[in-house]
Structure formats: structure tokens, C-alpha cells
1. Can you tell me the length gained on complete extension of the stretch Thr73 to Glu115, counting 0.36 nm per residue apart and subtracting the Cα distance?
2. Work out, step by step, the length gained on full extension between Phe10 and Ser105: first 0.36 nm times the residue separation, then minus their alpha carbon distance; give nm to one decimal.
3. Take Thr3 and Asp60, extend 7 Å from each Cα along the Cα→Cβ direction, and tell me the distance between the two endpoints in nm.
4. Obtain the nm distance between the two label points defined at Val33 and Glu85 by a simple spin-label model: each point lies 7 Å from its Cα along the Cα-to-C-beta direction.
5. Would you kindly state how much longer the chain becomes between Arg122 and Thr42 on full extension, computed as 0.36 nm times their sequence separation minus their alpha carbon distance, in nm to one decimal?
Amino acid sequence: MYTLAVKRDFVAQHYLIGGDWGAENEWHSHHYVIELQLNGATLDQHNYLVDIVAVERMFDDIVRYFKDKTLNTLAEFADTNPSIELFARVVAEMFARQLNAPNLSGLEVKIWENEIAWAAYRREL
């Protein structure tokens with residue numbers, strides 16, 4: 001199985017809802033780091049798992065969508081708790097809708113909220 005990974009970082013804000021999480025219930029910023037891992041058993045005719053330039057363009061567009069925004073105000077997080085677990089799934093689904101590489105079999109998105117805490121979402125393609 002081959003794996004190709006790329007990552008980006010950016011700042012966005014959120015506040016948690018639905019429970020008493022102290023300061024996390026207040027609006028605050030995170031310096032997020034998102035890592036995308038793509039998996040597949042075969043390479044294409046150029047010996048690539050996927051066109052990394054196309055993936056990087058996609059990644060930049062996705063990061064631009066979230067960068068400097070308050071997650072709670074985005075449609076993907078309407079009336080729900082914008083946890084890093086949910087954030088990872090939202091980003092993974094965005095990638096899954098855009099990827100067009102028949103030899104890919106899965107992807108994983110890992111989002112670091114700080115130096116010690118991350119969540120991931122993995123799905124088959």
C-alpha cells in the first residue's frame with residue numbers, strides 16, 4: 001500500500017457548545033495543522049499515487065475556506081459542536097468529493113488543534 005501525505009497550517013476560531021467545557025465555551029483561536037494522507041495499492045502510468053500538484057491546489061482551496069473564520073458560522077457546523085473530530089470528518093468529506101484518482105482506495109485527515117491534541121477521520125474511497 002502506498003501513502004502520499006501533505007499538510008498545511010492556518011488559524012481559525014471556534015467555541016464549543018452543548019456542554020460545560022469552561023474556557024473552551026468562549027470564542028478562541030487555534031493554530032490548526034491539517035495533514036492529508038492518501039492511500040492506494042497501485043501507481044498510475046507515471047508511477048504516481050496521485051498528482052500531488054492537483055492535491056496541493058485542492059488543499060489550498062480547502063484551507064482558504066476555513067482560514068481566519070469562526071467555524072461555528074460555517075454551514076458545515078451549523079447548530080453543532082465544532083470539535084476537532086467533526087472538523088476532521090468535514091475536511092475528509094470535502095477532499096473525497098473532489099479527488100479524481102481511480103487508484104486511490106482511502107484517505108485520512110488528521111487535524112492538530114495544538115502541539116499535543118489531534119483527531120483524525122479515515123474513510124474509504
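Read the figures in this text as sums done on the coordinates, not as results from a lab. Since the model is a prediction, treat every value here as computed from it, not as a measurement. Note: ideal-geometry Cβ built from the backbone for every residue, glycine included; neighbour counts use all protein chains shown.
1. Taking 0.36 nm per residue and subtracting the Cα distance, the gain is 12.6 nm.
2. Stretched out fully, the Phe10 to Ser105 stretch lengthens by 31.4 nm.
3. 2.6
4. So the label points at Val33 and Glu85 sit 2.3 nm apart.
5. On the way: separation 80, 0.36 × 80 = 28.80 nm, distance 1.91 nm.
Once the chain is fully extended between Arg122 and Thr42, it gains 26.9 nm.
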